[in-house]
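First up is the structure itself, then whatever we jot down about it.
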Amino acid sequence: MKKTVQSIALFIIVSTSIIACTKSDTATVLPVTAVTVHDIPADTVVGLSAQGIPITNGKYTFYSLEKNAIVPNTDSATTKWDIAFMATRIITNGGTSGTGLGGAFVYTGLFDGLTSIPTDSVFKTDNAPTSYAITTGSGKGWYTYDGLNNLITPLAGRVLVIKTASGKYAKMEILCYYKGGVTLPATASDADKLNKQRYYTFRFAYQPNGTKTF
Amino acid sequence: MFGQLRLVHDTLQMQGDSVVVTANRSERKLSNVTVPVNIVNAKQIQQTGALRLTDILKEQPGLTMTSGFGAGVQLQGLNPDYTIILINGEPLVGRTAGVLDLNRIALGNIKKIEIVKGPSSSLYGSEAMAGVINIITDASTSIPLQASLRYGTYQTIDAGVNNAIATKSIFYQGFYNYFTTDGYSIRPNSTSRVTTPIERYSINQQLKWNLSDNTNLAFGVRVTDEKIKNDISVNNGGATITSSGNENNTDQNFNLSLNQRFSNNLKTSFRGYFTEYNAKQDLVTLSGDPYYDLLNHRFQRVENQTDWNVNKRLNFLFGAGAVWEGVKSTRYDSEKVRKNNSIQYGFTQLEWTPVQKFILIGGIRFDKNEAYASAFSPKLSALYKVNAKHKIKLSVGEGFKAPDFRQIYLDFTNAAAGGYSVFGTAQAQQVINQLALKGQIGTLYDSYYQLKALKPEYSTGMHLSWDYEPNANNFFSVQFFRNDISNLIQVQQVGAYMTGAQIFSYLNIGRAYTQGIEVEAKHKIYNHIIISGGYQYLETGDKDQIDQIKAGKVYTRDANGYSKLLSLSDYVGLPNNSKHKAQFKINYYHDNGLFANVRVMYRSKWAVNNTNGNEVFDKGDEFANGYVSLHTSIGKDYKNGFTTQLGCDNITNYVDAANLPNLPGRTFYATIKYQIFKK
């Protein structure tokens, strides 16, 4: 319900800004609001094999930042989605991952501190399976993996700067990888670590007017 | 009867003026020692009900027990890797991930334990960076036969026999110990026992032959064999794999020494030492897959040391030796091939007493190593006796720790956890090059090009202490310490496979410090009761992390989970370190043989896990709770040679399965001991 309200609000902002653009030549910069999205599943564990190996469906969850909503998998070949999640891997709609204009890079700093994307920034695109715009691997992109306790923790001070499928800009901070929005303690049960993982909580700000300022 | 009197004296002595051998590598009165030393004597060990070395060390000021890879000891904030453990001056080997499991050492025939704080590499070489713990076995032959039996919670049985034979020129002392425990589980609904069923045998034989008044030959053997029934659960990519089997660890030491006294002012000793530690894990998983792990460490040393009392004011000590050591392990490229290192070293120490009130000691040691860079360790220390009541000690020294075999030779690929590899520096570049030729390497980092022969880790330590002994019934001491560590060897990612799996090796990159204050006080009342207390305040930090925080490059998270800059005041330093640690003890001993004690230990919270998305430990991370543990024992020494004792450890039943696996819940025990006194 809350998400719907936010979507409507965003829609109004989007539409008014478009109207604003058509009315005058100067782009009116409206403040973008940050939205927090909870518990987006990202290829969660659905069972265990006879050998005890976790089973998943091996599918991405596609997400539209513009609409602030999950996009059905049937639309994976379209530009309706901007970003997609499968376990710790995050892809953008561009390069080898999609047909859109999408790309991304990982900015080190604070979410609120990033008020405009530096002009010399380079948006990378996915080149699966060799490299991804949002670097995969522990400590290299957006998370660290603690092998001893089998836990994923999002790195603090990392902002994913995203170019959407339609060439607009957004910034995103991953807050948590576990259901409920709280990283499990090291002492959590193996079952919890298995079943509550792969749920993203993140906040993002989408700039609908095409500028690089937030 | 004679024995009884001796016991009374031992029990109620304060700091006293006992003899210390570890501080100067030569016998000195405690009152003339220039560095901080703690002595734990046999009577304290017995009345505490301590069975293994861990039991007694955890009650000493400045020491904290760690629980990964067995029970290690942390000294003034430095990890177990940095404290050398000696038995009668000879080092114990066989460390797993830098930790020497102190449960290996039975306390049944220990005369005393000397703990020297501060870098002591100028006398002992590698590992003596935080300090030295020297366990001195009882070679006395005054008690021909002694037997003891203890039974306690978790079916714990400890049985020991000491025997001694002395003739005019031959002295023999033997010690046999058997220990078994059924283990305990403090995780509810779990079959995984925190301490698994263990059986340990320890044998110690010492033989001394006085060839003449001035010459003696001594031979010693010490063997510890432990069998651990191992049921372990390993989490592998979310799946739990249970395996069972046995772990067998054997520790053997042999030493032979020839000691010659030329005059009251000149003596020399030749010592030969051989030790071997063999650890074997032989497990089978539930699905029938075998798991086998072997570590075998051999260490051989010959050494000569000469003590020369030049005159009343000048004491001169010098020595030299050679070490051959080697390790075989399934974790190296081949378990069949022993990886070897040889060390040649020389040391000297000058002790100058210009006036009775003042002692100045300067020492230096050089260690030349085959497998890694050489090390040079100087030390300077001084003692100033202000008057009969006040003493001030100051010492500054360099310590070092050689890279261990694992850091040089490890060749480990974890097929289960994503296929990451760790290569020791000896062959990291070579192995990675070969993999690159096969097209398996995806990326190489700058750190790959920085790989080279490892240097030892270095520390510079400074200790300043003030001892105040107003009278025979009171003692007070305060000590300030600071250790600066450089060249810390750290695991570093050097590249990645095509699959993305990480490749690690080791580099000398870290810098850290520990500093703090240690306070000790003892007070004797009515000749029967000693009240003693100790407190340690500790600060630690990684200097590179501190620089990063100051530069505004380290982030943490606020209550909403949003990132924010980390401020230095939220930084907590190195993990597993408690800021505050204290102990308080009341010991009672009556002339009729009755003894009792209550001991309270406190440790404040410590960081255990990095949970908020940065690589540093700060206030937002996961901490283990601070805790208090309470122990007591009561007993009686009877005139006919019997001693009975009842005890209860961890009275309040404090447990923390995740962070304190070595602390069982409340345990009770009863001991009976019988000794025949010499007529």
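Just a few scattered comments:
- Taken over the range A:153-169, the residue count meeting the criterion of being buried (at least 22 other Cβ atoms within 10 Å of the Cβ), touching an Asp or Glu at 6+ places or on another chain (Cβ under 8 Å) and more than 9 Å from every other protein chain (Cβ to nearest Cβ) is 4.
Let's see how each residue does on (1) within 12 Å of another protein chain (Cβ to nearest Cβ); (2) in contact with a strand residue (DSSP E or B) (Cβ under 7 Å, 6 or more places away or on another chain):
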site	(1), (2)
B:553	yes, no
B:556	yes, yes
B:560	yes, no
B:563	yes, yes
B:566	yes, yes
B:574	no, yes
B:577	no, yes
B:582	no, yes
B:588	no, yes
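The rows are residues; the columns are (1) of a type in the set (Lys, Arg); (2) more than 14 Å from every other protein chain (Cβ to nearest Cβ); (3) part of a loop (DSSP other than H, G, I, E, B); (4) in contact with a Cys (Cβ under 8 Å, 6 or more places away or on another chain).
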site: B:319; (1), (2), (3), (4): no, yes, no, no
site: B:327; (1), (2), (3), (4): no, yes, no, no
site: B:368; (1), (2), (3), (4): yes, yes, no, no
site: B:393; (1), (2), (3), (4): yes, yes, no, no
site: B:425; (1), (2), (3), (4): no, yes, yes, no
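- Checked against (1) among the basic types (Lys, Arg); (2) within 30 Å of residue A:112 (Cα to Cα); (3) part of a strand (DSSP E or B), residue B:585 passes all but a single condition, namely (2).
- Considering residues of the range B:268-292 that are of a type in the set (A, V, I, L, M) and part of a strand (DSSP E or B) only, the residue surrounded by the fewest Cβ atoms within 10 Å (Cβ to Cβ): B:284
- Complete set of residues in the range A:121-146 that are charged (D, E, K, R) and at pLDDT 90 or above: A:124, A:126
- The residues on offer are B:665, B:593, B:573, B:626, and the sole one that is surrounded by fewer than 18 Cβ atoms within 10 Å (Cβ to Cβ) and on the phi > 0 side of the Ramachandran plot is B:593.
- Pick from the range A:170-189, criterion small (Gly, Ala, Ser) and within 25 Å of residue B:661 (Cβ to Cβ), ranking: nearest to the other protein chains (Cβ to nearest Cβ): A:186
- Consider the range B:363-422 and keep the residues that are more than 27 Å from the chain's Cα centre (by Cα) and of a type in the set (A, V, I, L, M). The one that is surrounded by the most Cβ atoms within 10 Å (Cβ to Cβ) is B:417.
Rundown of residues vs (1) in contact with a Lys or Arg (Cβ under 8 Å, 6 or more places away or on another chain); (2) of a type in the set (S, T, N, Q); (3) farther than 18 Å from residue B:246 by Cβ, yes/no style:
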residue	(1), (2), (3)
B:283	no, no, no
B:290	no, no, no
B:295	yes, no, no
B:299	no, no, yes
B:309	no, yes, yes
B:312	no, no, yes
B:321	yes, no, yes
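- Some residue of the range B:401-413 being part of a strand (DSSP E or B), at pLDDT 95 or above and acidic (Asp, Glu): no
- Among the residues of the range A:190-214, those identified as facing chain B (nearest Cβ under 10 Å) and either touching a Phe, Trp or Tyr at 6+ places or on another chain (Cβ under 9 Å) or among the hydroxyl-bearing types (Ser, Thr, Tyr) (or both) are A:193, A:197, A:201, A:203.
- Scanning the range B:372-387 for residues that are touching a strand residue (DSSP E or B) at 6+ places or on another chain (Cβ under 9 Å), in contact (Cβ under 8 Å) with a residue 60 or more places away in the chain and not in a strand (DSSP E or B) yields a total of 1.
- So residue A:130, is it in contact with a strand residue (DSSP E or B) (Cβ under 8 Å, 6 or more places away or on another chain), over 22 Å from residue A:168 (Cα atoms) and polar (S, T, N, Q): yes
- Checklist (1) out of contact with any Lys or Arg (no Cβ under 6 Å at 6 or more places or on another chain); (2) more than 30 Å from residue B:405 (Cβ to Cβ) applied to residue B:105, failing item: (2)
- Output for the range B:569-588, where each listed residue is among the hydrophobic types (A, V, I, L, M, F, W, C) and modelled with pLDDT of 95 or more: B:582, B:584, B:586
- Scanning the range B:590-615 for residues that are more than 10 Å from every other protein chain (Cβ to nearest Cβ), outside any strand (DSSP E or B) and either under 28 Å from the mean Cα position of the chain (by Cα) or not small (Gly, Ala, Ser) (or both) yields a count of 5.
- Annotation note: of B:550, B:524, the sole residue that is charged (D, E, K, R) and either at pLDDT below 95 or crowded, with 19+ Cβ neighbours inside 10 Å (or both) is B:524.
- Residue count, the range B:58-113 (criterion: part of a helix (DSSP H, G or I) and polar (S, T, N, Q)): 1
- Enumeration of residues in the range A:19-66 that are assigned to a strand (DSSP E or B), at pLDDT 90 or above and not aliphatic (A, V, I, L, M): A:36, A:38, A:39, A:41, A:61, A:62, A:63, A:64
- Taken over the range B:293-317, the criterion of being in a strand (DSSP E or B), hydrophobic (A, V, I, L, M, F, W, C) and surrounded by fewer than 19 Cβ atoms within 10 Å (Cβ to Cβ) is satisfied by B:294, B:302, B:308, B:314, B:316.
- Matching residues, the range B:636-679, being closer than 21 Å to residue B:109 by Cβ, in a loop (DSSP other than H, G, I, E, B) and in contact with a helix residue (DSSP H, G or I) (Cβ under 7 Å, 6 or more places away or on another chain): B:677
- Tally of residues being within 14 Å of chain B (Cβ to nearest Cβ), under 20 Å from residue B:553 (Cβ atoms) and within 15 Å of the chain's Cα centre (by Cα) across the range A:95-137: 4
- Subset of the range A:67-115 (residues that are acidic (Asp, Glu) and either surrounded by 20 or more Cβ atoms within 10 Å (Cβ to Cβ) or in a loop (DSSP other than H, G, I, E, B) (or both)): A:82, A:112
- Lone unmet requirement of (1) at pLDDT below 95; (2) touching an Asp or Glu at 6+ places or on another chain (Cβ under 7 Å) for residue B:453: (2)
The values are calculated or read from the model by the stated rules, or taken from the named source; none is laboratory data. Remember, predicted model here, so these are calculated numbers, not experimental data. Ideal geometry is used to build each Cβ from the backbone, glycine not excepted, and the neighbour counts take in all protein chains shown.
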